[in-house]
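Derivation of every value follows stated rules applied to the coordinates shown; laboratory data play no part. Bear in mind that the values here come from a model prediction, so they are computed numbers and not experimental data. Glycine also receives a Cβ, built like all others from the backbone with ideal geometry; neighbour counts cover every protein chain displayed.
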Amino acid sequence: MNSKTTLYTILTALIMVFSIAGITPSVQAQDNPSTPVFVDAVREEPLSQTMPVIGRLVATQSGVVAARTTGPLGEFRVQVGDRVKKDDVVAVLIKDALESRRELWLAQVAQAKSRVGTSKAQLQLRDQELKRLKSLESSSAFSQAKLDDKQQEVAVMKSTIAEHRAALDVAKANLMLADIDLYNADIRAPYDSVIAVRHTNVGSFVRAGDPVITLIDDTTLEIAADVPTERIPGLTKGVSVNYVLTDNSKTGVATGWASVRAIIPDENPLTRTRSVRFSAELDQGSILAANQSVTVMIPIGAPRDVISVHKDAIINKGGNTLVYIALDGKAVIRPVKLGDAVDGRFEILNGLKIGDLVVVRGNERLRPDQAITFTSPDTAG
C-alpha cells in the first residue's frame, strides 16, 4: 500500500468519525449561511389601461393678417421667423393719399361748423324781428302778413340749421373713417407670435382683405388627436391623459399630463375617429412647433384596483412564472399567475396576497427554503 492510499483511508475514517459525533450539521451550516436580499411588498393599486394615439401640436392662435385699407406697401419691418409682440407694427402702407384725404375731411368739418354757426346767427336775427312784430299786434302799424312771413322765415332758418348740422355729422363721420384708414396703414400683429409667411413685397398694391403676413402663436399650443370613436366614452372634459413628444432636451423626449378640453362633434366617416383637443403644460424652453408629432395615451377601460408585484421579483423557469417570498427567515418559492403590466409592476391574478414580501434583488441565486436576511421594503432600492 502506497502513501496516497494510506492518506485517503485516514481521511475517510475521520469523516465517518465526525459524522457519528454530530459535526456534519455545523459544517453544512458554514457552507450555507443566510443570504442577504432585498424585498418589496405586494400591494394594491389602480390600473388604467391605455392605447397610444398619434396626435399633433396645434396653435390656438394662428392665421393670416390682412390689410384693412387700400394702398401701396411702403415698408416691411419684419422677416420670416421674427418674434413679435401684440400691436407691434409689421408693415406700413404709403400714407400720402390717406393723409390728404384726412385733411380734406378735416376742412369739410370746419366748413360745416361755420355754416351751422352762420345759420344760428341768422335764426337769432329772425327771432328778434318776429318778437318786434308780435309787440305791435295792438297798434295800427301791425301787419298780419308781415308777421306770417317772418314766422315762415324762422321756420326756414331752423330747417337750414338742421341741414347744416347733418352735413357736419357727415363730415365728422368721414373724418373718422379717414383717421381709421390712416391708423390701419400701419399693419399690426394682433397677438404675440412668430412671422411664418410674408405674402407680398414692398411696392405691391394691396386692397382691404389682401393677405400680408401669416402668424403662429407658439406659446399657446395644445394637443389635437383623432381618437377612435369607440374610445370616446372614456374621455370627458377634464380627464387627464399622459403624452410623450420629442423635444430638444438632453433626453430627447418630454412627457407630461394633458387634460381633455373639448371633443369635436364631427366624425370622420373614413377612419371613424373624432378630433379631441387637450390642454397641456408644455415646456416653453423646448423648441416646439405647430403640427409637431405627439403620442397621447388614451384610456381603453375604466380604472380598477389590482394586486401588483415588482417586475424584478418575477422568475421564469421551465415555462413557469415564480417568485420568492420572505417567510420565517427563508426564501419560499411560489408559482404566480400574471395579468397586465402596471408601469414597473405586474398584476397578480393568483399566488400572492397584499403585504407579502417578495425578493426583488438577489433572487437569481436563491434556492427554495434557503435562509435569508432581508432589507425592509422602506429601505430597499
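Given a Förster radius of 41 Å and the C-beta distance between L177 and D127 as r, what FRET efficiency does 1/(1 + (r/R0)^6) yield to the nearest 0.05?
On the way: r = 37 Å, r/R0 = 0.89.
Efficiency for this residue pair is about 0.65.
Classify the range 95-184 as rounded, prolate or oblate from the Cα gyration tensor: take a ≥ b ≥ c as the square roots of its eigenvalues, call it rounded if a/c is under 1.5, otherwise prolate when a/b beats b/c and oblate if not. Could the numbers behind the result be given before it?
Values: a/c = 6.34, a/b = 4.97, b/c = 1.27.
Prolate is the answer for the range 95-184, as a/c is 1.5 or above and a/b outweighs b/c.
Among the trypsin sites (Lys or Arg not before Pro) within the range 277-377, which fall in a DSSP loop and have no more than 14 other Cβ atoms within 10 Å of their own Cβ?
Within the range 277-377, the qualifying trypsin sites (Lys or Arg not before Pro) (loop, at most 14 other Cβ atoms within 10 Å) are K353.
Out of residues 5 or more away from V90 or on other chains, whose amide H comes under 5 Å of its own, with H placed 1.01 Å from N in the peptide plane?
Correct list: I187, R188, A189.
If you project the alpha carbons of the range 126-238 onto the principal axes, what extent comes out on each, in Å, largest first?
102, 50, 20
Among all helices in the chain defined by DSSP H, which have a length of 18 Å or more along the axis from Cα atoms plus a Kyte-Doolittle mean of at least 0.0?
What comes out of the filter, once short or polar helices are dropped, is 3-20.
Give the lysines whose C-alpha is closer than 16 Å to that of K146, dropping any in the same chain fewer than 8 places away, or say none.
Here the lysines satisfying the reach criterion relative to K146 are K131, K134.
Which residues' amide hydrogens lie under 5 Å from the amide hydrogen of V212, considering only partners 5 or more residues apart or on another chain, with H built in the peptide plane?
Hits under the 5 Å cutoff: V65, A66, A67.
Near K113, which aspartates and glutamates are there with a Cα under 12 Å away, not counting those fewer than 8 places off in the same chain?
Those aspartates and glutamates meeting the cut-off are E163, D169.
Cut-off under 27 Å on the C-alpha distance; same-chain residues fewer than 8 positions from K317 excluded. Which lysines are left, in chain and number order?
By straight Cα distance, K317 reaches K330, K337, K353.
Hey, if you put +1 on the Cβ of every Lys and Arg and -1 on every Asp and Glu Cβ in the chain, which of G71, V39, H310 ends up farthest toward the positive end of that dipole?
Positive-end residue among those listed: G71.
Would you mind ranking Y183, Y324, Y191 by Cβ crowding within 10 Å, fewest neighbours first?
Y183, Y191, Y324
Roughly how big is the range 104-256's charge dipole about its Cα centre, with Cβ charges of +1 (Lys, Arg) and -1 (Asp, Glu), in debye to the nearest 20?
960 debye
Please report the antiparallel percentage of DSSP beta bridges with both residues in the chain, rounded to the nearest 5.
Numbers: 83 of 87 bridges.
Percent antiparallel among DSSP bridges in the chain is about 95.
Quote the charge dipole size of the chain about the Cα centre in Debye, to the nearest 20; the model charges only the Cβ of Lys and Arg (+1) and of Asp and Glu (-1).
540 debye
Among V58, Y243, S204, pick out the residue whose Cα is farthest towards the positive end of the charge dipole of the chain, where Lys and Arg carry +1 and Asp and Glu carry -1 on C-beta, about the Cα centre.
So the residue furthest toward the plus end is S204.
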